[in-house]
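J.: Handing you a structure now.
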Amino acid sequence: MPDSAYNSPYRTKHRRGRAVTCHCCRKVFPFCWSCRCGFRICQSCMLDNLWGMSCNAITWECPDCGGQNGFGNQ
Ligand SMILES: [Zn+2]
Ligand SMILES: [Zn+2]
């Protein structure tokens, strides 16, 4: 019996340690926006909060430390 059923996303989490937990929704994603202070936010939470975190869609402000982070530069 093939074990493809065990080839779940759960295992990829340990492969390279790239999966990160969103600090907003607490789900694990292969990619999250991150701040130098350690704050992480996923794409979907970012879109939900874009009105409050970004005023120009070029940078976003970290709700934790208030630092400015750029989009598409990571
Ligand atoms: Zn999220
Ligand atoms: Zn921060």
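All of the numbers you see were taken from the coordinates with simple rules; none came from a lab. Computed from a predicted structure; not experimentally measured. Quick reminder, even Gly has a Cβ in these numbers, built from the backbone with ideal geometry, and neighbours come from all protein chains shown.
J.: If I model a spin label as a point 7 Å beyond the Cα along the Cα-Cβ vector, how far apart are those points for Cys55 and Cys37 in nm?
T.: Output for this residue pair reads 1.8 nm.
J.: Give the peptides 32-45, 54-67 in descending order of average Cβ contacts within 10 Å, highest first. Could the numbers behind the result be given before it?
T.: Working: 32-45: 16.9, 54-67: 13.1.
In descending order of packing, they fall as 32-45, 54-67.
J.: Given 0.36 nm per residue, what is the gain on full extension from Phe71 to Leu47 after removing their alpha carbon distance, in nm? Before the final figure, lay out the partial values.
T.: Numbers: separation 24, 0.36 × 24 = 8.64 nm, distance 1.21 nm.
Contour length minus Cα-Cα distance gives 7.4 nm.
J.: What is the sum of charges around Cys25, taking Lys and Arg as +1, Asp and Glu as -1, for the other residues whose C-beta is under 13 Å from the C-beta of Cys25?
T.: Residues close to Cys25 contribute a combined charge of +2.
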